[in-house]
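*Asks:* Before we start, here is the structure in question, set down as structure tokens.
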Amino acid sequence: MAKPRSYVLISPCRNEAEYMRRTLDSVVAQTVQPARWIIVDDGSTDATPQILAEYAAEHDWITIVPKADRGHRAVGPGVIEAFYVGYETITPSDHNYLCKLDLDLELPHGYFESLMERMEADPRIASCSGKAYFEDASGQMVSENISDDMSLGMTKFYRVAAFEALGGFVREVMWDGIDCHKARMLGWKAVSWDVPELRFNHLRAMGSSQTGIYAGRRRHGFGQYYMGTGPLFLLASAVNKMRQKPYVLGGLAIVQGYFGAMFRGVEQHGDVELRRFIQSYQRRALLVGKARAVAEIEMDRASKWSS
């Protein structure tokens, strides 16, 4: 039987020495600490292994799992591959919750306790998170503007039973959107909340890339195509993104990534039913807005949910 309030963190990481101490310290300072924290070192070549060894020596609930160096950072499939290296070292049923946690975040002290309280209040929530903010050049904290219908991939907190019902993560770019849509298709809920106790500092800007912000945006467009996003919804999303830095060009990079994949005939996610579900939701969202479209799905799919 799962332990009350028991959660496990799994953190794939590669060359995170610049930010990781702030993440490590913020987890150590949580009001409810994890039962275990599995950190998969995915072939780091900087000071990451030394920093991890230091923290593991101080906290017996931190376990470091080394992974052979693939020779490069691989966002999307590489990250999920590393996540599963850590997942295979645990017995999921020992815990109520699990979280895929990046090592470039600074979390508020009561972050995980608050998430668990909210999930206990609504057993249909499969996956949830707080909201990501980043510090701009003037020192102001700026929201990354992720919609409420998505749990954020850098700190994706899951009910173990839901994670298993969904079949886990897809090993491709947009894994962190596909899972939320599939959860709703099966009658679960996916959500994130923008409240002070759940706002965290994302130390590396989302949508960026080791090769630059535009590469990150093109990757996002590719991922939207792979997931099954319809062209009209993609264009509306890209136009909305043009209002954020880098203005205009960032949105155009998303369009380039999407239609580039389409014209190359890239294979899409193999779950045809899910792709149709996603496009149906997107068409409705364009007409009535995301919040109402999600509410309609949650009401319509309530009978499909099974705890």
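*Asks:* Residue check, Pro231 against (1) touching a residue at least 40 places away in the same chain (Cβ under 8 Å); (2) surrounded by fewer than 18 Cβ atoms within 10 Å (Cβ to Cβ), all met but one. Which one?
*Replies:* Going through (1) touching a residue at least 40 places away in the same chain (Cβ under 8 Å); (2) surrounded by fewer than 18 Cβ atoms within 10 Å (Cβ to Cβ) one by one, Pro231 breaks only (1).
*Asks:* Sticking with this one: Which is outside any loop (DSSP other than H, G, I, E, B) and either assigned by TED's automatic domain parsing to the domain that holds Ser147 or modelled with pLDDT under 95 (or both), of Gly250, Gly260?
*Replies:* Unique residue meeting the criteria: Gly250.
*Asks:* Take the residues in the stretch 1-34 that are among the small types (Gly, Ala, Ser) and within 19 Å of Ser127 (Cβ to Cβ); name whichever of them is modelled with the lowest pLDDT. Even if it seems obvious, please write down each step before you answer.
*Replies:* We begin by selecting, within the stretch 1-34, every residue among the small types (Gly, Ala, Ser); these are 2, 6, 11, 17, 26, 29.
Still in the list and also within 19 Å of Ser127 (Cβ to Cβ): 2, 6, 11.
On the way: Ala2: 48, Ser6: 96, Ser11: 98.
Among those residues, the one meeting the criterion is Ala2.
*Asks:* Does the stretch 161-171 contain any residue that is within 15 Å of the chain's Cα centre (by Cα) and modelled with pLDDT under 95?
*Replies:* Scanning the stretch 161-171, I find at least one residue that is within 15 Å of the chain's Cα centre (by Cα) and modelled with pLDDT under 95, so the answer is yes.
*Asks:* What's the number of the condition Leu152 fails, among (1) at pLDDT 95 or above; (2) farther than 15 Å from Asp102 by Cβ?
*Replies:* With (1) at pLDDT 95 or above; (2) farther than 15 Å from Asp102 by Cβ applied to Leu152, the lone miss is (2).
*Asks:* When you go through (1) on the phi > 0 side of the Ramachandran plot; (2) charged (D, E, K, R); (3) part of a helix (DSSP H, G or I) one by one for Arg5, which number turns out not to apply?
*Replies:* Tallying (1) on the phi > 0 side of the Ramachandran plot; (2) charged (D, E, K, R); (3) part of a helix (DSSP H, G or I), Arg5 fails exactly one: (3).
*Asks:* Is the stretch 54-61 home to any residue that is aromatic (Phe, Trp, Tyr) and closer than 17 Å to Phe200 by Cβ?
*Replies:* no
*Asks:* Sticking with this structure for a sec: Out of the residues in the stretch 85-131 that are out of contact with any Pro (no Cβ under 9 Å at 6 or more places or on another chain) and among the β-branched types (Val, Ile, Thr), which is surrounded by the fewest Cβ atoms within 10 Å (Cβ to Cβ)?
*Replies:* Checking each candidate, the answer is Thr91.
*Asks:* Also: What's the total number of residues in the stretch 234-250 that are under 20 Å from Gly289 (Cα atoms) and without any contact (Cβ under 8 Å) to a residue 40 or more places away in the chain?
*Replies:* 9
The values are calculated or read from the model by the stated rules, or taken from the named source; none is laboratory data. Keep in mind that this is a model prediction, so the values were computed, not measured. Please note: Cβ atoms are built from the backbone with ideal geometry, for glycine as well, and neighbour counts cover all protein chains shown.
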